[in-house]
Amino acid sequence: MGTTTADFEVRRHDSIGLRLQHLLHGNPVLGPLAVLVLAIVAFSIVNGKFFSAANLSLVLLQVTVIAMLALGQTLIILTAGIDLSAGAIAVFSSILMALFATDAGVPAPLALLLGFACGTAMGALNGILVTRIKLPPFIVTLGTLTIFFSLNSVVSNSETVRGADMPGLMTWTGDAIPIGSFRLSYGSIIMLLLFGFFAYALSSTAWGKHVYATGDDIEAARLAGIRTGRVLFSVYTTAGLLYAVAGWILIGRLASASPNVGTEYNLDSITAVVLGGTSLFGGRGGVVGTLVGALIVGVFRNGLQLAGVEVVWQGFAIGLLVLVAVSIDQWIRKVKG
Amino acid sequence: MTTPVLEAKGLIKRYGRVVAIDGSDLDLMPGEILAVIGDNGAGKSSLIKALSGAVVPDSGEIFLDGDPVHFRNPMDARAAGIETVYQTLAVAPGLDIADNLFLGREQRMPGVLGSVFRMLDRKTMRSEAARHMSELGVGTLQNIGQAVESLSGGQRQAVAVARSAAFGSKVVILDEPTAALGVKESNRVLQLIRDVRDRGLPVILISHNMPHVFEIADRIHIQRLGRRIAVITPQSHSMSDAVAIMTGAQPPPG
């Protein structure tokens, strides 16, 4: 130690395990990406049909709605929250915009905007309950999940709105641009653009830094001068809007708006986030990982199906993956300098 | 006579029937390290919170450079140039050193990139962060992009102190900066505190650690039962005198 400087030496770490821990700690996307690549290679070997343009576009199509939900979910989980109502908001928004466009006779663009506004308002409600009433996000969204699903049935009379009865704009997200024999749907394009937008916002804006800081240690963030209440509110509200966009994509995917779908979407969105390496304890991860996580779910479902594995065992495999992912996250969190 | 940089007169803070600060004074002179010591419950932390805006006193006055100030929250105090390093450090472990230095006051890119796309000027923030760290002689922390959680306790403290020194224009308040550190790291942090003072920023240091206080303080403010009962210097009194005054075993001088 010198007499004039307070120098701190950087410790060396030599074991391979420790190096791996540091590598994953610094680049949380690497792990999920490795899993995704391995899964694609493995399923391609098992069944030659897997790695065909037609099948891969099907995987992307199947994944799009969950990925959109998981995008909003990621923002919330980064703040150490959780949103159990993601799927309910998406489905409710899809019903509302479909009913506006059909029964209410509102012009399609306006019906769409009204649907987005409703989704945003539902997200904002979650945000108010979390920041003002200071209830735990798990409880808040458990409550709103139940409320939204019940309202859903009330508003729709438990009836499905057929896509054929809607203006073209409502089902436009299901249309696709053919690239060779790969079909890229407009819904997928919207989803990918939004992922790009939020990857940028999280990494390169002050808002993004504040989301991470709030999730990391909310008290520390507050003392550092961040208005954590505002950050949380913005996150829940933005997520609500993203879920509503997911609802629009859902209409295109199903060619209808149905109140009876999507019960599994809530948990699937959390699965995608976790598989993508975002920590349920907040402050770590990102949307790129979530996209990879959603693709992992899609690839596994599709690949296992092509390999002739029964549906029940597909869920088993995904559940196993989630447990492994969370265990790895815990290990990475214990990183030492 | 020089004006104190920060001066408090007759501060009172009650919590229900409990009187945390009972008419306490404090003065911090330019370019000094003022240690604040006192037994548990003497009102040290309430006093410091009043100065850093975390607590609004019921009565009494605070002067900054001779002008009266009224802090309603920590942002007010910070805007006035008073930076506080809390015992809990207030760093975001997952963010890197540069992000932490600029947390809550990020700099955006000039022009459209900043105003429309809200893009952060990461390059400037990093080089500024590196400059602040090396000015304080924490130069061996070379990788400014390193996550704070991968740093040791002393290194984290260094980041927190560097942040306060970088943005505090008037006063830096440090709450128990060596409490969680080993001997070697404590010494480095003490040196860091001297460096901050030598750059012209007066420091208020709250500490339980008498050897540390006597090693670096210019003056020592002793708080007892909610009041300042004495101000001594390491030259005028011994460590055992200080403890005796602090606990009431010895009457305060004068």
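Read-outs throughout are calculated quantities, based only on the coordinates presented, and are distinct from any laboratory measurement. What you see is a predicted model; the values in this text were computed from it and never measured. We place every Cβ from the backbone using ideal geometry, glycine too, and count neighbours over all the protein chains shown.
Here are the numbers for this structure:
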| read-out | value |
| --- | --- |
| Nearest-ten-degree value, helix A:311-333 long axis tilted from longest Cα axis of chain A | 30 degrees |
| Test item: A:217-223 mean partner chain Cβ contacts at 10 Å | 6 |
| Listed residue pairs exceeding 22 Å between alpha carbons, taken from A:LYS334/B:LYS184; A:LYS334/B:LYS123; B:LYS49/B:LYS170; B:LYS44/B:LYS170 | A:LYS334/B:LYS184; A:LYS334/B:LYS123 |
| Rounded FRET efficiency, nearest 0.05, which uses the C-beta distance separating A:ARG230 from B:VAL69 and R0 of 35 Å | 0.85 |
| Helix-derived mean residue ellipticity, 222 nm - over chain A, DSSP H n ≥ 4, -39500 (n - 2.57), to 500 | -23500 deg cm²/dmol |
| Label point 7 Å beyond Cα of A:ARG162 along Cβ direction - residues of region A:96-116 with amide nitrogen under 16 Å | A:99, A:102-103 |
| Within a Gaussian network of chain A (alpha carbon springs, distance under 10 Å), most fluctuating of A:ILE318, A:ILE16, A:ILE189 | A:ILE16 |
| B:LEU113 versus A:LEU320: modelled label distance in nm, points set 7 Å from Cα along the beta carbon direction | 4.8 nm |
| Taking B:ILE12, A:ILE190 and counting other C-beta atoms within 10 Å, the order from fewest to most | B:ILE12, A:ILE190 |
| Sorted by Cβ density within 10 Å, fewest first, the residues A:TYR200, A:TYR265 | A:TYR200, A:TYR265 |
| Pair A:LEU58, A:VAL311: separation of 7 Å Cα→Cβ label points (nm) | 1.5 nm |
| Shielding by partners - mean other protein chain Cβ count within 10 Å, residues of A:196-207 | 3 |
| Order of B:GLU215, B:GLU149 - criterion: other Cβ atoms within 10 Å of each residue's Cβ, fewest first | B:GLU215, B:GLU149 |
| Top of A:VAL63, A:VAL154, A:VAL235 by mean-square fluctuation, Gaussian network on chain A, Cα under 10 Å | A:VAL154 |
| Region B:169-229 - percent relative contact order, Cα under 8 Å, separation 6 or more | 39 percent |
| Highest-MSF residue in chain A out of A:SER85, A:SER258, A:SER15 [GNM, Cα springs under 10 Å] | A:SER15 |
| Dipole of the protein assembly as shown, positive end: most advanced residue of A:GLN21, B:GLY226, B:LEU34 [Cβ charges, Cα centre] | A:GLN21 |
| Residue-by-residue Karplus 3J(HN,Hα) for region B:168-173, coefficients 6.51, -1.76, 1.60, Hz, glycine and proline x | x, 9, 10, 9, 10, 10 |
| Dipole magnitude (debye, nearest 20) for chain A, charges at Cβ of Lys, Arg, Asp, Glu | 560 debye |
| Cα-based shape type of region B:103-200, given that a ≥ b ≥ c are square roots of the gyration tensor eigenvalues and the cut on a/c is 1.5 | prolate |
| Cα gyration tensor, region A:220-337 - rounded (a/c under 1.5), prolate or oblate | oblate |
| Cα-centred dipole magnitude for the protein assembly as shown, charges only on beta-carbon of K, R (+1) and D, E (-1), debye, nearest 20 | 280 debye |
| Student exercise, region B:138-254 dipole from Lys, Arg, Asp, Glu Cβ charges, in Debye to nearest 20 | 260 debye |
| Positive-end residue, region B:69-224 charge dipole about Cα centroid, Cβ charges, pick of B:VAL161, B:VAL213, B:VAL69 | B:VAL69 |
| Shielding of B:91-101 by partner chains, average beta-carbon count, 10 Å | 5 |
| Cα-projected label distance for A:ASN260 with B:GLU215, points at 7 Å along beta-carbon direction, nm | 7.4 nm |
| Residue-span extension gain [B:SER169 to B:LYS184] - 0.36 nm each, minus C-alpha spacing | 2.5 nm |
| Stokes-Einstein D for chain A, Kirkwood Rh over Cα pairs, 25 °C, 0.890 mPa s (µm²/s) | 117 µm²/s |
| Extent along principal axes [Cα atoms of region B:95-146; Å; largest to smallest] | 37, 18, 16 |
| Among B:PRO253, A:LEU112, B:SER24 - extreme Cα towards positive end, dipole of the protein assembly as shown, charges at beta-carbon | A:LEU112 |
| Using alpha-carbon coordinates, inclination of helix A:228-254 to the longest axis of chain A, degrees | 40 degrees |
| Rounded, prolate or oblate (a/c below 1.5 giving rounded, otherwise prolate when a/b exceeds b/c) for chain B by Cα gyration tensor | prolate |
| The protein assembly as shown: equivalent-ellipsoid semi-axes (sqrt of 5 x gyration tensor eigenvalues, Cα, Å) | 55, 27, 19 |
